[in-house]
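Input: a single structure, listed below in C-alpha cells.
Read-outs: derived from the displayed coordinates by stated rules, not from any lab. In this text, all values refer to a predicted model and were calculated from it rather than measured experimentally. Methodologically, a virtual Cβ is constructed for each residue, glycine included, from the backbone with ideal geometry; neighbour enumeration extends over all protein chains shown.
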Amino acid sequence: MILGRVVGTVVASRKEPTLEGLKLLVVRPCDVDGTPSGAPIVAADAVGAGVGEVVLYAAGSSARQTEATTNRPIDHTIMAVVDLVEMGGENRYTKE
C-alpha cells in the first residue's frame, strides 16, 4: 500500500457502467510526514475518505481486492484513512 493525501474529487456523469456508484478521488502520493512526493492519481474510494485526509491506497491488481472494486476496471483504490504514522517511537503524522 502507498501513503497519499486526497487533494480533490472527480465527477464523471458518463462512465463505464461497472464504475457506477464508486466515488472517485484525486490522491497525491506523500511521505510519512504528509509531504507530497509524486504525481496525482485517481482512486476509487472504498472507505469514505475525504479531501485533505491522508490515506493508504493500493495499485494494480491489489486495487481490485475490495468488496467495492471486485471485477471492476480499477487501478487504484483507497483502502484506509490514516490516523497516525509512527516511526522509531516518533509520531510523524497525526490526523487533526
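Pairs linking a residue in the stretch 27-48 that is under 15 Å from Gly8 (Cα atoms) to a residue that is of a type in the set (Ser, Thr, Tyr), with Cβ atoms under 7 Å and 6 or more positions apart or on different chains, are Val27/Tyr57; Pro29/Ser37; Cys30/Ser37; Ala43/Tyr57; Ala43/Thr77; Ala44/Thr69; Ala44/Thr77.
Annotation: of all residues in the stretch 41-55 being touching a Gly at 6+ places or on another chain (Cβ under 9 Å) and surrounded by 16 or more Cβ atoms within 10 Å (Cβ to Cβ), the one that is farthest from Leu24 (Cα to Cα) is Val54. The residues listed here are Thr9, Thr70, Thr35, Thr18; of these, the one that is in contact with a Leu (Cβ under 7 Å, 6 or more places away or on another chain), loosely packed, with under 15 Cβ neighbours inside 10 Å and not aromatic (Phe, Trp, Tyr) is Thr9.
For first residues located in the stretch 51-68 and under 24 Å from Lys95 (Cα atoms), partners that are of a type in the set (Ser, Thr, Tyr) and surrounded by fewer than 17 Cβ atoms within 10 Å (Cβ to Cβ) and lie 6+ apart or on another chain with Cβ distances below 9 Å form the pairs Val51/Thr9.
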